[in-house]
Structures are given as C-alpha cells and as structure tokens.
Amino acid sequence: MPFFLLLLVFLGATSAAFAQATGTLLGTVKDSSDALVAGARITVLNQATGISRTTDTSSGGGYILPRLPVGLYSIKAEQSGFKTYESRGILLQADQSVTIPITLEIGDLASRVTVEATATLLQTNTSTLSQVVEQKRIEDLPLNGRNVLQLIRLNAGIVNRGIGTYANFQIAGGGYASANSVNGTRGNQTAFLLDGGNNTNGILNSANPFPNPDAVQEFSIQTNNFSAEFGNVGGGIVNVVTKSGTNNFHGSVYDFYRDGRLNARSFFATSQDALKRHQFGATIGGPVWLPNLYNGRNKTFFF
C-alpha cells in the first residue's frame, strides 16, 4: 500500500512534464467610453481544478493567456477605480483561441459585475478551420469496437477512403484505423495527436491506438489553415484529449458485450453472425489525497 500511494504522488507530480492539449484566452479591456485600460489584472480560474493563472493588460489594453488546459473557466478583471468584472462558464476546447472582450464600469473595486457566458464564443483571431467533437457525442453516439476515431467523419469534408494497405493495421484480428480523406487529400496525410503529443504510426502514417471513450474528454479536427506548428501533413490534424483529474473523484465501470446469438440475421445471410466480443474496463480520477499526509485539491490530480 505505501508503494501504491507513492506511485500516485509521483504520477500526479510529474503530469505537467507531458504534452497537453491546450487553448488560449485573449482579448482587450476597455472602459464604458471605449478607452483602453492598461495594467488591469486578469485572472482565469479552471472551475474543475481550482488552478488559476494571472496576467496584466498591456499598454494597449490587450491580454493573452496561452496554453491553458481545456475545460470550463471563469475570468476576472480588476483595476483601481473600476468595479471588478467576472465572467463564468467559458468553455475552452482543444486547439482553440477564444476572444473575451471586457468592459469595466467605473466604481469601487469591491463592487462586482458578474456575467454568465451562454453564447458560443467565436475565434476571431485565427483563420483555422476546426471542429471539436465533445464528450457528449463521444458518449452518446454508437461506436463499433469503441473506436473514437470513427467520429472523425462527423466533420464536413472528411470521407472514408476504405481500407488501404498503408491505412489500416490489425488489433486482435480487427482493423483499427481506416483511412480518412480530408478535403480530398490522401488517406495517410492526416496527423494524430494525443494530448498534444505525436500519436501517428511512423510506418503506416495512420493512427496509433487511442484510449477508450470513457477516458477521452474530447478531440479536435483541424482541416484547413492550421498553424505552422502542425506541419508535415497536407490533410488534417486530429488531437485527442484525455480526461484529467479534478477536485472531485469521478470514474466509470463498463462492459460492452456482443454475442452472435443475440444479433438479428442480415436479410441476405443464411445464419446469424458468430462474433463474440467483450470490451470491459474502468476509469478513476480525482485529487491526490493521502489522509493526514497530503491534500492535492487545487494542486495535484490523477486519472
């Protein structure tokens, strides 16, 4: 048991060293007369983990907070002579830059103006064409074999090119990742990332295996005008984001069972198929918490 506890601490403490799928919050701060406000303190808070980051607006009233882990955020702006501004419920998704314009009202700093973010936030500072397949669709839509990459084709301009010699490999006797053509490119011209790190098969130029859907938070697909940091491909960029621990413990236990005896016979088939499949597992995540030793809430997490 002590070894297990030490292992949890090690994993939580070193998680920041690995690649992460991130996004950016940016914008400008103005007063009610549209004058730019310099030196305002900007604080963003991840509502699930309690981790915050701060910056100050520039002389031109602008601010930028890059490389924020995906999730739900609140943002707060403070400046002497103005009421404190706070906006909650800002959804930041993988590889997205979200612009949050802020208007401060004259008043006491102790007074507060709170805004609940409800509208979809637009990316006005980039020409990248992208879409995010969020957790709800990953959980609700049917997946043959529990392969999240099947949902890539929910996006416009992406079609299945079928099984090619370069585009498919076998796992337990079954094909894992078939070729997908993005905007007419070849099926092996798409790059696959896992939490921002490369997860493309170096021989077949196809996807390496990804975690099961219960461990996936979301994934983004960039199909055009992506940044130079995503070079080396002419098709698209698929970035799968795994779930992370939060201040609350959460997890799942699952078993997906398929048996030919329970399947309906296809119209032209002479018998039912004989496929049997068990896909089972579990997930668990939360703060690193060691009774009377360490409380990792707002600091250290595992999944």
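The values are calculated or read from the model by the stated rules, or taken from the named source; none is laboratory data. Since the model is a prediction, treat every value here as computed from it, not as a measurement. All Cβ positions, even for glycine, are placed from backbone atoms using ideal geometry, and neighbour counts span all protein chains on display. We work out accessible area using only protein heavy atoms, side chains counted, and drop any ligands, DNA or RNA first. Shrake-Rupley method; radii C 1.70, N 1.55, O 1.52, S 1.80 Å.
Restricting attention to segment 141-191, and to residues there that are within 30 Å of PRO69 (Cβ to Cβ), open to solvent by 20 Å² or more (accessible area, probe 1.4 Å) and not in a loop (DSSP other than H, G, I, E, B), which single residue is modelled with the lowest pLDDT? So the residue we want is ILE171.
Say whether the condition of being closer than 20 Å to PHE219 by Cβ and touching a residue at least 60 places away in the same chain (Cβ under 8 Å) is met by at least one residue in segment 72-87.
To start, the set of residues in segment 72-87 that are closer than 20 Å to PHE219 by Cβ comprises 72-73.
Subset that is touching a residue at least 60 places away in the same chain (Cβ under 8 Å): none.
No, that holds for no residue.
The residue that is nearest to ASP195 (Cα to Cα), counting only those in segment 72-89 that are within 22 Å of the chain's Cα centre (by Cα) and surrounded by 20 or more Cβ atoms within 10 Å (Cβ to Cβ), is TYR73. Report yes if some residue within segment 49-65 is open to solvent by 30 Å² or more (accessible area, probe 1.4 Å), farther than 28 Å from PHE249 by Cβ and among the hydrophobic types (A, V, I, L, M, F, W, C); otherwise report no. Yes - at least one qualifying residue is present in segment 49-65. The single condition from (1) in a loop (DSSP other than H, G, I, E, B); (2) open to solvent by less than 30 Å² (accessible area, probe 1.4 Å); (3) farther than 27 Å from ILE221 by Cα that GLY286 fails is (1). Of all the criteria given as (1) modelled with pLDDT of 85 or more; (2) more than 21 Å from the chain's Cα centre (by Cα); (3) assigned to a loop (DSSP other than H, G, I, E, B), the one not satisfied by GLN279 is (3). Of the residues in segment 25-34, how many are small (Gly, Ala, Ser) and either part of a strand (DSSP E or B) or modelled with pLDDT of 95 or more (or both)? Qualifying residue count, segment 25-34: 1. Please give the number of the condition GLN272 fails out of (1) open to solvent by less than 100 Å² (accessible area, probe 1.4 Å); (2) farther than 19 Å from ASN212 by Cβ; (3) out of contact with any helix residue (DSSP H, G or I) (no Cβ under 9 Å at 6 or more places or on another chain). All conditions are met except number (3). Within segment 223-236, residues that are over 16 Å from ALA207 (Cβ atoms) have Cβ atoms under 6 Å from residues that are exposed (fewer than 13 other Cβ atoms within 10 Å of the Cβ) and not basic (Lys, Arg) in these pairs: ASN225/SER127, counting only partners at least 6 apart in sequence or on another chain. Each residue in segment 210-229 was checked for being part of a strand (DSSP E or B) and open to solvent by less than 50 Å² (accessible area, probe 1.4 Å), and 7 pass.
Taking the condition modelled with pLDDT of 90 or more, within 18 Å of the chain's Cα centre (by Cα) and open to solvent by less than 60 Å² (accessible area, probe 1.4 Å), does ILE138 pass?
Values: modelled with pLDDT of 90 or more: yes; within 18 Å of the chain's Cα centre (by Cα): yes; open to solvent by less than 60 Å² (accessible area, probe 1.4 Å): yes.
When the stated conditions are applied, ILE138 passes them.
If the condition is being surrounded by 12 or more Cβ atoms within 10 Å (Cβ to Cβ), out of contact with any helix residue (DSSP H, G or I) (no Cβ under 6 Å at 6 or more places or on another chain) and not in a loop (DSSP other than H, G, I, E, B), then segment 239-253 contributes ASN239, VAL240, VAL241, HIS250, GLY251.
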